[in-house]
Amino acid sequence: MAKATSVGWTREHFLIALNVYCKLPFGKLHKGNKLIIDVAGKMGRTPSSLAMKLSNFASLDPVLQARGIRGLSGATKTDCAMWDEFHTEFPALAPASEQLLHDLFTKDDGREVDFLHRDKVRLEPAARFIAWTGPTESTATVKVRRGQQFFRQAVLNAYNVRCCISGIHVPRLLVASHIKPWSGFPNERVDPRNGLCLSSLHDAAFDAGLITIDEQLRVVLGKQLKSYFPQAALEQNFTPFEGKPINLPVKLAEPSKEFLLYHRESVFML
């Protein structure tokens, strides 16, 4: 039997690896990570091969570079080209990469590949994360759902599965919140820079324009929020975080200042 290390890096393998990179913190990009072991096995590669590719991508990550963190220095021209293509073509390639990852583990469209439980890759019912219409779901709808799943997993993992305002660390209470609304901006729907990891309550307030994030990435409370909530509820859920900086993602998905400006000017209610 041929060794897994002899398997060439196809375009499909690159897209799967880029997908995985978006969902793992920098300190977990090693061959002993059970998630990497699971994915590499399905790809027919060794964990070392996949971990090395992920570390090559880390050397290209501008957020890590800005923090003085370096991955491996062996990124190839193809690595660089695929990195650039993936991040300039998020609307098409993020759902495509999620579909490829999904198909590695299952052909059941009623299941989604879940990376949030970091002990191993899990298959969870699609309805737990995203609305699923059943086995007759159209191809276009499946593509949208794959994009939503990629976005959710990438954003939550970028923030270490914690609300960036409150620090809540319960996955089922967390939302990958869109900064620019999902419905009006298809090109930004799956871009992790258009996401914040928020608790369900803070997501609802952010989506309604009752809170926003300022230029220094600090939490701003709107006057309407203060008029809607009883004082006790404000003091428990919002006031302690007013003027405090959000917790930034560990890599890749630092929120876009342009997108946050849009939220302040077009969504937030003073």
Residue in segment 22-33 that is modelled with pLDDT of 95 or more, closer than 24 Å to LYS107 by Cβ and in contact with a Ser or Thr (Cβ under 9 Å, 6 or more places away or on another chain) present: no
Within segment 50-62, considering residues that are in contact with an Asp or Glu (Cβ under 8 Å, 6 or more places away or on another chain) and surrounded by 18 or more Cβ atoms within 10 Å (Cβ to Cβ), the one nearest to ASP191 (Cα to Cα): PHE57
Failed item, numbered, when LYS77 is tested on (1) over 18 Å from ARG11 (Cα atoms); (2) loosely packed, with under 15 Cβ neighbours inside 10 Å: (1)
Segment 84-119, residues that are touching a residue at least 60 places away in the same chain (Cβ under 8 Å) and not in a helix (DSSP H, G or I): PHE115, ARG118, ASP119
Residue in segment 157-177 that is of a type outside the set (Phe, Trp, Tyr), part of a helix (DSSP H, G or I), over 24 Å from LEU100 (Cβ atoms) and in contact with a Cys (Cβ under 9 Å, 6 or more places away or on another chain) present: yes
Test: PHE185 is among the aromatic types (Phe, Trp, Tyr) and without any contact (Cβ under 8 Å) to a residue 12 or more places away in the chain: yes
Residues being under 21 Å from ASP103 (Cβ atoms), assigned to a helix (DSSP H, G or I) and not hydrophobic (A, V, I, L, M, F, W, C) - total across segment 42-83: 4
Subset of segment 182-211 [hydroxyl-bearing (Ser, Thr, Tyr) and either in a helix (DSSP H, G or I) or crowded, with 18+ Cβ neighbours inside 10 Å (or both)]: SER199, SER200
Count - residues of segment 121-151 that are modelled with pLDDT of 80 or more and assigned to a loop (DSSP other than H, G, I, E, B): 1
Matching residues, segment 214-245, being surrounded by fewer than 16 Cβ atoms within 10 Å (Cβ to Cβ), in contact with a helix residue (DSSP H, G or I) (Cβ under 8 Å, 6 or more places away or on another chain) and farther than 17 Å from LYS257 by Cα: LYS226
Criterion (surrounded by fewer than 18 Cβ atoms within 10 Å (Cβ to Cβ) and touching a Pro at 6+ places or on another chain (Cβ under 9 Å)) met by exactly one of GLY32, GLY68: GLY32
Which listed residue, of LEU270, LEU225, is assigned to a helix (DSSP H, G or I), farther than 11 Å from ILE165 by Cα and at pLDDT below 95: LEU225
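The values are calculated or read from the model by the stated rules, or taken from the named source; none is laboratory data. In this text, all values refer to a predicted model and were calculated from it rather than measured experimentally. Positions of Cβ are generated from backbone atoms using ideal geometry, with glycine treated the same way; all protein chains shown enter the neighbour counts.
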